[in-house]
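The values are calculated or read from the model by the stated rules, or taken from the named source; none is laboratory data. Fair warning: this is a prediction, and the values are worked out from it, not measured in the lab. Ideal geometry is used to build each Cβ from the backbone, glycine not excepted, and the neighbour counts take in all protein chains shown. Please note that ligands, DNA and RNA were not included when accessible areas were found on the heavy atoms of the full protein model with its side chains. Shrake-Rupley method; radii C 1.70, N 1.55, O 1.52, S 1.80 Å.
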Amino acid sequence: MAKHHHKDTATEGKTGHPDKNGPAGSTGHMGRAHQPAAGQQMWGGRFAGGPNAVMQAINASIDIDKRLYREDLAGSRAHAAMLADCGILSAEDAAAIAGGLDRIETEIEEGRFRFDPALEDIHMHVEARLTDLIGDAGARLHTARSRNDQVATDFRLWVRGAADAIDGQLRGLVLALLAQAEDHADTLMPGFTHLQTAQPVTLGHHLMAYVEMLSRDRGRLADCRRRVNECPLGAAALAGTGFAIDRFKTSADLGFDRPMGNSLDAVSSRDFALEFLGCLTILATHLSRFAEELVIWASAPFHFIRLSDRFSTGSSIMPQKRNPDAAELVRAKVGGVAGSLHQLTLVMKGLPLAYSKDMQEDKAPVFRAVDDVTLCLAAIVGMVEDLQPDRDAMAAAAAQGFSTATDLADWLVRELGLPFRQAHHVTGTVVRIAEEKNLPLDALPLEDMQAVEPRITGDVFSVLSPAASAASRTSYGGTAPANVRAAIGAAREHLAREDISSKDMS
């Protein structure tokens with residue numbers, strides 16, 4: 001967020017003006033005639049000449065931070081109401097400010113508001129327009145605050161809203177995954193390690209793994225939100241203010257849990273944004289992993305799923321192609337999200353307390369990451385709802401690669417009492433024989449197995465089919481269809497409890 005290069009203090013009296021336009025306690029005012037025209041600055045009283053064009057270009061942030069206009073207006077409303085309650089601002093001025101802020105919001109939303117790089121940032125745009133609309137009352141709004149605490153408040157409000165919106169999208173994705181998992185709780189597919197066939201699982205179980213990941217993502221966002229939800233407003237430039245303000249009122253009015261406890265920390269910390277970006281990076285990584293699986297599953301060698309034309313594209317030269325481009329782009333965008341975290345980390349890594357102009361560069365990476373994650377979530381939800389699994393192709397793949405070899409080893413341990421390492425060796429020998437004969441384990445003649453271990457009986461075939469293997473995995477968290485359905489039910493119950501809790505809070 002744009003800040004002038006010297007510290008912005010907040011010592012404006014009821015009839016005074018900010019000390020960047022005059023000394024603290026000055027009895028002048030910044031009325032309509034004192035509002036900056038194009039090319040002038042609200043902090044210009046200290047300087048005899050205007051800035052160089054390059055300085056103005058690098059200093060202005062309005063193209064980025066105009067996105068904070070709702071938050072800036074909300075903070076100004078709360079600040080004005082508090083000043084009036086504390087007797088620092090007259091009721092008449094407070095009413096005029098409230099009306100002016102409403103008008104500015106309408107102008108911005110209707111596209112009639114003129115943004116001017118000379119005014120640097122959204123705060124100065126709002127203040128200049130407010131003073132233009134209502135005169136001296138608008139100039140008094142900045143009493144007992146600074147752009148330093150103002151931008152920190154705006155940014156926290158914006159991140160809080162973004163976290164809530166992304167959590168809502170995550171909830172929608174979880175519901176979409178639950179619906180597919182329920183339909184395919186017993187649909188067999190190969191489970192992989194090293195992208196090699198390992199053991200049979202069900203598609204429902206595989207999708208529920210992502211429900212678990214995304215639920216942790218929601219938990220991280222909720223935990224991050226608690227730290228975001230502290231109010232910097234009233235910390236002023238860095239040291240607090242001499243006015244008898246009520247920071248607890250503005251904090252409550254803006255929906256924060258509490259005001260921040262240290263004025264230096266309030267204006268200079270951006271760890272909340274770093275933590276938020278960390279949450280988004282982990283989330284984007286999970287989305288990227290799932291997107292990669294969609295790409296693999298939709299490929300011709302696998303043919304596990306089909307995505308409709310809504311989420312596929314064609315080739316400019318190969319008419320037969322169906323490309324899962326939406327999934328590929330989700331997979332790619334994690335680079336930008338992780339890059340945003342890295343960018344802001346490097347911005348903040350060497351800054352002394354309190355505010356430095358470097359921190360103007362804090363918002364662009366967060367905005368960019370939120371835009372990317374929001375789009376990726378929408379795409380993934382669409383693809384989950386759209387995908388059509390091919391049960392036969394998945395079941396055939398689940399039977400390949402001797403995927404029930406571990407079931408044979410477990411049977412040898414359970415029924416014959418072999419130590420597992422010995423059972424592992426026996427099973428490996430049986431697999432080699434089956435491979436030489438080009439037969440799956442459940443089609444290998446019993447006498448071939450008995451040639452390796454004479455005590456093997458025909459009962460072994462009860463565990464050698466992929467369906468039997470999956471059904472046997474009943475340990476907590478295992479792939480057995482009954483387990484999958486229980487996990488789906490538990491997840492739905494958790495979401496229902498969330499709904500009840502949300503209604504109680506509202």
At most 15 other Cβ atoms within 10 Å plus a DSSP loop assignment makes a site exposed; report the longest stretch of the chain without any exposed chymotrypsin sites (Phe, Trp or Tyr not before Pro). 116-475
Computed lengthening from L264 to A179, 0.36 nm per intervening residue step minus Cα-Cα distance: 25.7 nm
Sparse-neighbour loop sites [trypsin sites (Lys or Arg not before Pro); the stretch 288-392; at most 14 other C-beta within 10 Å; DSSP]: K321, K349
For the residue pair A222 and D246, what label-to-label distance in nm results when each label sits 7 Å from Cα along the Cα-to-beta-carbon direction? 3.2
Return one whole number: the accessible area per residue of the stretch 400-472 in Å², for a 1.4 Å probe. 51
Starting at the first residue of the stretch 169-182, write each ³J(HN,Hα) from the Karplus equation 6.51 cos²θ - 1.76 cosθ + 1.60 with θ = phi - 60°, in whole Hz, x for Gly and Pro. 5, 4, 4, x, 5, 4, 4, 5, 5, 4, 5, 5, 4, 5
Classified through the alpha carbon gyration tensor (a ≥ b ≥ c as square roots of its eigenvalues; rounded if a/c is under 1.5, else prolate when a/b is larger than b/c, else oblate), the stretch 400-472 comes out rounded
Determine, from the Cβ-Cβ distance of F420 and T374 and an R0 of 60 Å, the FRET efficiency 1/(1 + (r/R0)^6), rounded to the nearest 0.05. 0.80
Under 5 Å between amide hydrogens, which residues at least 5 positions from V201 or on another chain qualify, with H placed 1.01 Å from N in the peptide plane? M189, G191
Based on the alpha-carbon gyration tensor of the stretch 61-144 and its eigenvalue square roots a ≥ b ≥ c, which shape applies: rounded if a/c is under 1.5, prolate if not and a/b is larger than b/c, or oblate? prolate
Angle between the chain longest axis and helix 122-134 axis [Cα atoms, degrees, rounded to 10]: 40
Expected 222 nm ellipticity per residue - DSSP helices of 4 or more, -39500 (n - 2.57), all of the chain, to 500: -19000 deg cm²/dmol
Size of charge dipole - the chain - debye, nearest 20, with Cβ of Lys, Arg +1 and Asp, Glu -1, no other charges: 980
How would the chain be classified by its alpha-carbon gyration tensor: rounded, prolate or oblate, with rounded meaning a/c under 1.5 and the a/b versus b/c comparison settling the rest? prolate
May I ask you to give the percent of accessible area on the chain that is carbon plus sulfur, with a probe radius of 1.4 Å? 54
What is the helix-to-structure angle for 91-109, meaning the angle in degrees between its Cα long axis and the longest Cα principal axis of the chain, kept from 0 to 90 and rounded to the nearest 10? 50
Report the relative contact order of the stretch 400-472, percent, no decimals, based on alpha-carbon pairs under 8 angstrom and at least 6 residues apart. 38
Label-to-label distance, nm, for residues given as A393 and T474 (7 Å Cα→Cβ offset): 3.4
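Please give the FRET efficiency for A165 paired with R103, using the beta carbon to beta carbon distance and R0 = 25 Å, rounded to the nearest 0.05.
0.40
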Between helix 69-85 and the chain, what is the angle of the helix's C-alpha long axis to the longest principal axis, kept within 0 to 90° and rounded to the nearest 10? 50
